Amino acid sequence: LGGSSSINGMLYIRGQSNDYDYWRQLGNVGWSWEDVLPYFKKSEDNQQGEDKFHGVGGPLAVEKMRASFKVLDLFMEAAEEFGYPKTSDFNTGNNEGMGYFPLNVKNGYRCSTAVGYLNPIKKRKNLKILTNAHIKNIEFENRKAVSINFWKNNQLLNVKTNKEIILSAGTVGSPHILQVSGVGPGDLLKKNNINVVKDHPSVGKNLHDHLMLRPVYKVKNLDTLNDIYHSYYRKIITGINFFLFKKGPLTVGASYLCGFIKSDNHLETPNLQFHVSPASTDFLGKTTLHNFPAFTPTITNLRPTSRGSIEIKSQDTRIAPKIQMNYLSTDEDKEMAGKSIKITRKIVMNSIAFKKYEPEELRPGIHITDNETL
Ligand SMILES: Cc1cc2nc3c(=O)[nH]c(=O)nc-3n(C[C@H](O)[C@H](O)[C@H](O)COP(=O)(O)OP(=O)(O)OC[C@H]3O[C@@H](n4cnc5c(N)ncnc54)[C@H](O)[C@@H]3O)c2cc1C
């Protein structure tokens, strides 16, 4: 239960007010920043208390980061040298600035949507939760969604609705289920022998994601998570710090330090985001942390123009669809990727803050300077 919120990075960052206002301008009534802000506040139980932008008493706990590293504080100082300011709150509609991430955490533990929304109401008589159930398809009668077929314990079951069906199976799951149910690009559905309920070419299209580029910098005389990871003694201390005080790296999610910056001064709102981690590895999730002090100031283009797609390969939703990301497939995205790495490089390699720690760019490598290779 909880979908991706049960495995995600727990970083609590809202979108920028301009982005919601743009959605509204596209014709989506009820999606402007002014429209969504009351719901953000209502959903929040912010440890910092209530104000114009934050709420208390809601289902999603939001806490300040319970860990810090000098290397991250230095990154903020270094960024400031080049005109990228600090901020104490990313969630006011103007995300610009550098600071530690707020987290969806309660007392040092993950607060997923399952923890925040479902746990308190699980016993309601008018709510039935089925786990280990896999949706086969939605059934339509005269283009009206009327029931769901699903497998549970290899048994095919059906549930009818007398009101409405809310499909919220995520970025991949929702278009996947729609396509097998007959709502999607007509040609694709026919190729998979699916009866077309509505030929809708955009279902499964316009897929975009924030590709994260991971430059790595080796430093001297600075403590990083790499050092903790390679010391049995320090790992034990970190464990004790968590169990006794609910503090330190074991309370943190995917990243520590956040930064929203503009790649160019003429932009109205930030288009790049930093996720800075006081740790480094050669291949994320595949290799262990380096055995020397280093950190990873990940940089992301928030407004990529590359678009991918999701297409069924079969009528059976148990067979994963084809997911085509098409990362960096436009010239703009390639250009911005190179530019963003150069901004990161400038902050680390040319700042006074980092100079005495003798930073060295391990990845991609200081000798690479043209955007295409970067
Ligand atoms: C690794 C990772 C890290 C992330 N880190 C962050 C972060 O730090 N901060 C942040 O704000 N966001 C983060 N995100 C994104 C965030 O978690 C998602 O945007 C959010 O959870 C999406 O919610 P959702 O309800 O749209 O979909 P999901 O959370 O994906 O939920 C969809 C649910 O539908 C189910 N489903 C799909 N198909 C079927 C089917 N056929 N039958 C039955 N069930 C089905 C899935 O199992 C899942 O439980 C991260 C995501 C990932 C994957």
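What to note about this one:
- Taking 0.36 nm per residue of sequence separation and removing the Cα-Cα distance, the Lys122/Phe82 pair yields an extension gain of 9.3 nm.
- Distances between every pair of Cα atoms in the chain, grouped in 10 Å steps from 0 to the bin holding the largest one, split as 5, 18, 27, 26, 17, 6, 1, 0 percent.
- Cα gyration tensor, segment 266-362 - rounded (a/c under 1.5), prolate or oblate: oblate
- Taking Ser351, Ser147, Ser17 as the candidate residues, the one with maximal mean-square fluctuation in a Gaussian network model of the chain, Cα springs under 10 Å, is Ser147.
- Descending by average beta-carbon neighbour count within 10 Å, the peptides 76-88, 55-67 line up as 55-67, 76-88, the highest first.
- Phi angles across segment 84-89 convert, under the Karplus curve 6.51 cos²θ - 1.76 cosθ + 1.60 with θ = phi - 60°, into 3J(HN,Hα) values of 9, x, 8, 9, 9, 8 Hz, Gly and Pro given as x.
- Lysine pair count for segment 182-241 [Cα-Cα under 27 Å; pairs on different chains or 8 or more apart]: 5
- Helix-only mean residue ellipticity at 222 nm for the chain, each DSSP H run of n ≥ 4 adding -39500 (n - 2.57), per residue, nearest 500: -7000 deg cm²/dmol
- GNM flexibility winner over the chain from Arg110, Arg143, Arg363 (Cα, springs under 10 Å): Arg143
- Carbon/sulfur fraction of accessible area - the chain, other protein chains in place, 1.4 Å, %: 52
- Residues in segment 38-70 that a label on Asn94 would reach, taking backbone N under 17 Å of a point 7 Å out along Cα→Cβ: 52-54
- Asn8/Asn350 FRET efficiency (R0 30 Å; Cβ-Cβ; nearest 0.05): 0.35
- Note on Glu34 and Asp73: their simple-model spin labels are 4.2 nm apart, each label 7 Å out from Cα toward Cβ.
- Per residue value of the accessible surface for segment 154-227 (all protein chains in place, 1.4 Å probe), Å²: 59
- Stretched out straight at 0.36 nm per residue, the stretch from Arg234 to Ala133 would grow longer than its current Cα-Cα span by 32.1 nm.
- Distance between the pseudo-spin-label points of Thr369 and Thr171 (7 Å out from Cα toward the beta carbon): 3.5 nm.
- Charge dipole (debye, nearest 20) of segment 226-374; +1 at Cβ of Lys and Arg, -1 at Cβ of Asp and Glu: 620
- In terms of accessible area, using a 1.4 Å probe and ignoring ligands and nucleic acids, Ser68, Ser181 rank largest first as Ser68, Ser181.
- Shape class for segment 96-229, computed from the alpha carbon gyration tensor (a ≥ b ≥ c): oblate, with a/c not under 1.5 and a/b at or below b/c.
- Straightening the chain between Leu156 and Glu50 buys 33.4 nm, computed as 0.36 nm per residue apart minus the Cα-Cα spacing.
- Considering only Ser174, Ser263, Ser277, the mean-square fluctuation computed in a Gaussian network model of the chain, springs between alpha carbons under 10 angstrom, is largest for Ser174.
The values are calculated or read from the model by the stated rules, or taken from the named source; none is laboratory data. Since we're looking at a predicted model, the values are computed, not measured. When we count neighbours, we look across all protein chains shown, and the Cβ atoms used for this are built from the backbone with ideal geometry, even at glycine. Please note that ligands, DNA and RNA were not included when accessible areas were found on the heavy atoms of the full protein model with its side chains. Shrake-Rupley method; radii C 1.70, N 1.55, O 1.52, S 1.80 Å.
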